[in-house]
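Heads up: the structure comes next, in structure tokens.
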Amino acid sequence: MNADYLELTNLTVSFDGFVAVDRVNMSVLPGDLRFLIGPNGAGKTTLIDAVSGLVPATGSARWAGEDLVGRKVHRIARLGVGRTFQTATVFEELTVTQNLDIAAGARRGVLTLARRRTRVPEVVVKAMETIGLTDLAEVPAGTLSHGQKQWLEIGMLLVQDARLLMLDEPVAGMSAEEKDETGRLLRRIAADADLTVVVVEHDMDFMRAFATSVTVLHAGKVLAEGSVEQVQADPRVQEVYLGPGEHSKAVTEAVLGEGV
Amino acid sequence: MNLKSFLTGRWAVVGGFVLAAVLLLVVAPALLTPFRLGLLGKYLCFAMVAVGIGLAWGRGGMLVLGQGVFFGLGAYIMAMHLKLADAPASTGVPDFMALISSDGVPFWWEPFRSGAVTLVAIVVVPALAAVLLGLATFRRRVRGAYFAILSQALAAAFAILLIGNPRSTGGSTGLNNFKGFFGFSLRDPANRLTLYVIAVVALLAMVAVARQLMVSRYGELLVACRDAEERVRFLGYDPAAIKTFAYAVAAVMAGVAGALFVPIVGIISPNDVGIVPSIGLLIGVAIGGRTTLLGPVLGAIAVAWAETSLSERFPSGWTYAQGLLFMLVVAFLPGGLASLGPVLRGWRDRLRPAVPAEKTSVPSLSGGS
Ligand SMILES: Nc1ncnc2c1ncn2[C@@H]1O[C@H](COP(=O)(O)OP(=O)(O)OP(=O)(O)O)[C@@H](O)[C@H]1O
Ligand SMILES: [Mg+2]
């Protein structure tokens, strides 16, 4: 078992007195596909921002033996922490190959940078197969479909050699088949490569199908944590998602997914 | 690699360089009078600055509105050396200084008595200035309009500083009346031709450097920084370092251009380094096509040439013509004249009815990069 696990202790982010992430404690183990859910404004994105160094935080975020809090974004990235954004951001004018090649190159020396890419690195070829974009290798990323951009982003995380992957709503706007593909891809990545994966999602069916564990965030705090079934059955979670009081099974299933 | 891409790739590039060299080194000197050739040499200096702007702005997205500063640094360093070399051996004080006061030469002029120090400083001083400035601003994520305003303010401050110190910089008149260039008389037409040749070689070398940077992995990274800087950061790079390098290369190109401008044109004054010339340079790049390799060069030369020939006839008309041209390009042709071909093709395709459906799905990379 490898030691690359994420452990948040009292992680707190506040914006001018407004506490967006409030003393969050959470740990995610390698091979886990952890879903981070919660209503709009719960602080999910902010939590990822804090771990990846985009916003200042207090408390600690230990990853592979290092505390990430207070480090610069690119230093955190070099420790093997990768993330995607709610809106897919790829380098639109560069080709799929170029996008992946850049992602693979953060440790390149000056001499390599100064030269032209003569052949495509092995990791890039492999990642392209994994994300199913081999046929589109020489296509500018800007012309990809929304789903393909998200896959390209995941591919970039893979070649970047990230061992902690944090994905912000990766399947938003995808078709049902694309969601399935993505879910299977994430499962495969987490299990085969023993990576630690955190997925922020609103799509409950997607979560139900692929999550191995779930953390529910509400108003910056951890509301519940556990397996999909445990979380769905939690009355506090139901209250946050459905409002206070008793709810029929049909209503609950409609919002939180089947099998409650 | 198939034969076609080989032909359009490497050989096209080599052929292009040979063609440019023949045109500039053989055809132009044969056809132009020494006066016109001197003017062309001056345009080539602007073109050198433009190559750097193309790299920093076109590829790196840094709106460098103050390249006059680096141009001026190179130019004044060279001018100080030439003035010191021209000074009478008895006093060692340049003519204009001796006229104004009897305090002698300011201490910071002294290093430039040495030709070697001067040549090194022409490269190192602009590079250092750009690295310090670049790291200070890009680290703080100053970019876009803020960076443009900052670089422009710097050009203004530089010009004001020069004007405010007439005793050591020649004030608003600047430095002029150079007699020799590293031991060679500037009156001799043969030496002036040699200077022109040096300018051509320097420009071609800079274009070659810019091309290598553009096709290299670094070039891809620079474009990535331009389009999605945050994303680059999350991949583990430091965008500040990536951008600063391009900025420094552009600064060195501008510095060398300034240094060659001085003996070719015979004068350097605050008018050549302030905001107006800085923007003029940028306009040439925008018109030519900032993201391309040759667009900036051709744009800068064309704009400088148009300026000379138009202002010979309509003295104040040029400024308006330049502004109008700039607006037209920005509004209708953001990629500059270099993108005219693809843009026209795009219009033609749009006018042509009922394009087959599968054809539209073929991605086309517009813009002449
Ligand atoms: N830079 C900021 N400055 C001030 N407040 C912020 C900032 N970023 C986020 N917030 C606030 O923090 C809270 C949490 O936002 P966050 O984006 O993390 O929510 P989220 O759970 O990702 O929501 P969604 O599901 O809508 O993406 C929100 O109330 C938001 O308004
Ligand atoms: Mg969010």
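The values are calculated or read from the model by the stated rules, or taken from the named source; none is laboratory data. What you see is a predicted model; the values in this text were computed from it and never measured. Virtual Cβ from ideal backbone geometry, glycine too; neighbours counted across all protein chains shown.
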Q: Might you check whether a residue that is within 20 Å of B:SER168 (Cα to Cα), at pLDDT 95 or above and within 18 Å of the chain's Cα centre (by Cα) occurs anywhere in the range B:130-139?
A: no
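Scan the range A:162-173 for residues that are out of contact with any strand residue (DSSP E or B) (no Cβ under 7 Å at 6 or more places or on another chain) and surrounded by fewer than 22 Cβ atoms within 10 Å (Cβ to Cβ) and jot them down.
First, pick out the residues of the range A:162-173 that are out of contact with any strand residue (DSSP E or B) (no Cβ under 7 Å at 6 or more places or on another chain): A:171-173.
Those that are out of contact with any strand residue (DSSP E or B) (no Cβ under 7 Å at 6 or more places or on another chain) and surrounded by fewer than 22 Cβ atoms within 10 Å (Cβ to Cβ): A:ALA172, A:GLY173.
Can you pull out the residues in the range A:83-118 that are touching a residue at least 60 places away in the same chain (Cβ under 8 Å), among the polar types (S, T, N, Q) and more than 8 Å from every other protein chain (Cβ to nearest Cβ)? Steps first, answer last, please.
If we filter the range A:83-118 for residues that are touching a residue at least 60 places away in the same chain (Cβ under 8 Å), which is where we start, we get A:83-86, A:88-90.
When the remaining residues are screened for being among the polar types (S, T, N, Q), the result is A:84, A:86, A:89.
Within the range A:83-118, A:THR84, A:GLN86 meet the criteria.
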Q.
Checking A:GLY80 against (1) away from ligand 1 (no atom under 14 Å from the Cβ); (2) surrounded by 22 or more Cβ atoms within 10 Å (Cβ to Cβ); (3) touching a residue at least 40 places away in the same chain (Cβ under 8 Å), only one condition comes out false. Which one?
A. (2)
Q: Please give the helices (runs of 4 or more DSSP H) falling wholly within the range B:195-302 in which 1 or more residues are within 13 Å of another protein chain (Cβ to nearest Cβ) and more than 30 Å from B:TRP318 (Cβ to Cβ).
A: B:217-227, B:229-234, B:239-265
Q) Is it true that some residue in the range B:220-242 is crowded, with 20+ Cβ neighbours inside 10 Å, closer than 30 Å to B:GLY180 by Cβ and among the aliphatic types (A, V, I, L, M)? A) no
Q | Matching option when the condition is aliphatic (A, V, I, L, M), touching a helix residue (DSSP H, G or I) at 6+ places or on another chain (Cβ under 7 Å), at pLDDT 90 or above and surrounded by 21 or more Cβ atoms within 10 Å (Cβ to Cβ), among A:VAL24, A:VAL28 | A | A:VAL24
Q | All positions within the range A:148-201 that are acidic (Asp, Glu), in contact (Cβ under 8 Å) with a residue 12 or more places away in the chain, away from ligand 1 (no atom under 16 Å from the Cβ) and more than 22 Å from A:ASP135 (Cβ to Cβ) | A | A:ASP161, A:ASP194
Q: Starting from residues that are over 14 Å from A:LEU6 (Cα atoms) and within 14 Å of another protein chain (Cβ to nearest Cβ), keep the ones in the range A:26-69 and report whichever is farthest from ligand 1 (Cβ to nearest atom).
A: A:GLY53
Q: List the helices (runs of 4 or more DSSP H) that sit entirely inside the range B:305-369 and contain at least 1 residues that are at pLDDT below 80 and farther than 25 Å from B:VAL276 by Cβ.
A: B:340-351, B:357-360
Q: For A:LEU157, work out the one condition from (1) touching a strand residue (DSSP E or B) at 6+ places or on another chain (Cβ under 7 Å); (2) outside any helix (DSSP H, G or I) it doesn't fulfil.
A: (2)
Q.
Checking the structure you have, find out if any residue of the range A:94-103 is surrounded by fewer than 22 Cβ atoms within 10 Å (Cβ to Cβ) and either within 16 Å of ligand 1 (Cβ to nearest atom) or part of a loop (DSSP other than H, G, I, E, B) (or both).
A. no
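Say we look at the range B:164-207 and pick out the residues that are of a type in the set (Gly, Ala, Ser) and at pLDDT 95 or above; which of these is farthest from B:CYS45 (Cα to Cα)?
Applying the first criterion (of a type in the set (Gly, Ala, Ser)) to the range B:164-207 yields B:164, B:168, B:170-172, B:174, B:180, B:183, B:185, B:190, B:199, B:202, B:205.
From what is left, the residues that are at pLDDT 95 or above are B:199, B:202, B:205.
Details: B:ALA199: 7, B:ALA202: 9, B:ALA205: 13 Å.
Here the residue is B:ALA205.
Collect the residues in the range A:70-93 that are modelled with pLDDT of 90 or more and either within 16 Å of ligand 2 (Cβ to nearest atom) or not in a loop (DSSP other than H, G, I, E, B) (or both), keeping them in residue-number order. Working first, answer last.
Within the range A:70-93, the subset modelled with pLDDT of 90 or more is A:70-84, A:90-93.
Hits for the range A:70-93 are A:VAL73, A:HIS74, A:ARG75, A:ILE76, A:ALA77, A:ARG78, A:VAL81, A:GLY82, A:ARG83, A:THR84.
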